[in-house]
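What follows is a single structure, written as structure tokens, with notes after it.
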Amino acid sequence: MASDVQMQNLLNPHLSGLEEYTPIQPFEVLSRRLGIPAEQIVKLDANENPYGPLPAVAEALAEYPYYHIYPDPQQSELREALSDFVGVPAAHILPGQGADELLDYICRLFLSPGDAIINTPPTFGMYSFDAKLQGGQVIDVWRREDYSVDVEGIERGLEAGDWGSGTAAPSPLPTPQSPVPKILFLTSPNNPSGTWLADDDLRRLLALPLLVVLDEAYVEFANPPSRADWVLTHDNLVVLRTFSKAAGIAGLRLGYGIFPAWLMPTLWKFKQPYNVNVAASVAGLASLRHTDQIVAVVEKLKSERDRLYAELAAIPYLRPNPSEANFVLCRVEGRDAGGLKQSLERQGILVRYYNKPGLDNCIRISVGRPEQTDRLLAVLRML
Ligand SMILES: *Cc1c(COP(=O)(O)O)cnc(C)c1O
């Protein structure tokens, strides 16, 4: 019989360097551990929408009669509704099982072992995760102190083919044999900083010989508008959006990409036929029939974000970063952010804690309902 080691040797060799996944405790488990009923937990750690799905979503899900039938592989109805919503022809739109699935597709379509992506940390973790799954390398061009993208650093690195000096580092650099970057991942508003990427910067980056993936998971919360329609005039731009944040259905897994025309035929051949399940598309369609209600929820969250930011700024040991998203990143000064996270958790308030380059001693707080903000602030002022 073959041994485990022999079997392990059959694995794709580039998978051996993957980092271990840090599991997130399910909400119910945490509620039991803390001895606090789930409905009393103030969950501000994952940028979910505290108002949840629109009432029309629950109704549509309850009434839908065809769960025993496979989904439409082309998602035609959903793509038409998305086209009206985004203002881009349906021929450019591909729904996915969350924006996350589309990030994975993009990496699998473009990267072979030895290819690279350009990443702009601190940012969302899935870009480097998906690139490494493909054996891709990650070139980190660190954001500046104010979390803006180091556009010159990216331009200089590409020009020189050398990433050692261009980065505003705290990073060592990756490149054993100068891999060729193919994809630049950008996030606007950025997670976890909430930073907007200016039009001029995006235009300069689009002039580079790279596929630019602009992740707009939080764009509904921003004051400047989405750049989804730029895909129609830029052949190297992909824009990703999601129903997880503004539309409040993170658990149902529904996102979509706006892709240039030349890439669509390959995507159609490549994608899993039934990637988007029926419940997700029923919920997505119901949400899109009531975009006025989504806008109303988003407006509530935006004004709550502005109140949260102002209140956090008045707490002496916190330095909140201005945000265009539904969360606020805070640097913690003169005390330990990890300890602060734990003290909040004991009171049933969950926030995200970071302690890594660019995010040392930080917490990120998602925008909740006003009464949740009040509970958070009361504890923060007491600590
Ligand atoms: C939450 C998030 C996503 C994931 O969206 P899903 O549609 O839930 O997969 C993508 N990008 C960023 C930056 C996010 O924070």
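The values are calculated or read from the model by the stated rules, or taken from the named source; none is laboratory data. Just so we're clear, the structure is a prediction, and the values are computed from it rather than from any experiment. Glycine also receives a Cβ, built like all others from the backbone with ideal geometry; neighbour counts cover every protein chain displayed.
Residue-wise test of (1) without any contact (Cβ under 8 Å) to a residue 24 or more places away in the chain; (2) within 15 Å of the ligand (Cβ to nearest atom).
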position: Ala60; (1), (2): no, no
position: Tyr70; (1), (2): no, no
position: Pro73; (1), (2): no, no
position: Ser76; (1), (2): yes, no
position: Ala81; (1), (2): no, no
position: Ala90; (1), (2): yes, no
position: Ile93; (1), (2): no, yes
> Which one is farthest from the ligand (Cβ to nearest atom), of the residues in region 230-260 that are more than 15 Å from Val86 (Cβ to Cβ) and among the small types (Gly, Ala, Ser)?
Replying inline: Gly248
>> Please go through region 230-261 and give me each residue that is free of Cβ contacts under 8 Å to residues at least 24 places away in the same chain and within 20 Å of the chain's Cα centre (by Cα), ordered by number.
In response: Gly251
>> For region 103-113: of the residues being touching a strand residue (DSSP E or B) at 6+ places or on another chain (Cβ under 7 Å) and farther than 18 Å from Glu216 by Cβ, which is surrounded by the most Cβ atoms within 10 Å (Cβ to Cβ)?
In response: Leu111
>> Which of the numbered conditions does His68 fail, given that it passes all the others? Conditions: (1) surrounded by fewer than 15 Cβ atoms within 10 Å (Cβ to Cβ); (2) part of a strand (DSSP E or B).
In response: (2)
> Only one residue in Asp306, Asp360 is within 24 Å of Gln25 (Cα to Cα), within 22 Å of the chain's Cα centre (by Cα), surrounded by fewer than 19 Cβ atoms within 10 Å (Cβ to Cβ) and charged (D, E, K, R). Which one?
Replying inline: Asp360
>> For region 270-383, give me every one of the helices (runs of 4 or more DSSP H) that falls completely inside it and has 1 or more residues that are more than 30 Å from Glu77 (Cβ to Cβ).
In response: 291-313, 337-346, 370-382
>> Which count do you get for residues in region 35-62 that are in a loop (DSSP other than H, G, I, E, B) and not small (Gly, Ala, Ser)?
In response: 11
>> Let me spell it out: the conditions are (1) more than 16 Å from the ligand (Cβ to nearest atom); (2) within 23 Å of the chain's Cα centre (by Cα); (3) among the charged types (D, E, K, R); (4) at pLDDT 95 or above, and Glu20 meets all of them except one. Which number is the exception?
In response: (4)
>> Every residue in region 201-229 that is within 13 Å of the ligand (Cβ to nearest atom), aliphatic (A, V, I, L, M), touching a residue at least 60 places away in the same chain (Cβ under 8 Å) and over 28 Å from Gly161 (Cβ atoms), please.
In response: Ala217, Ala222
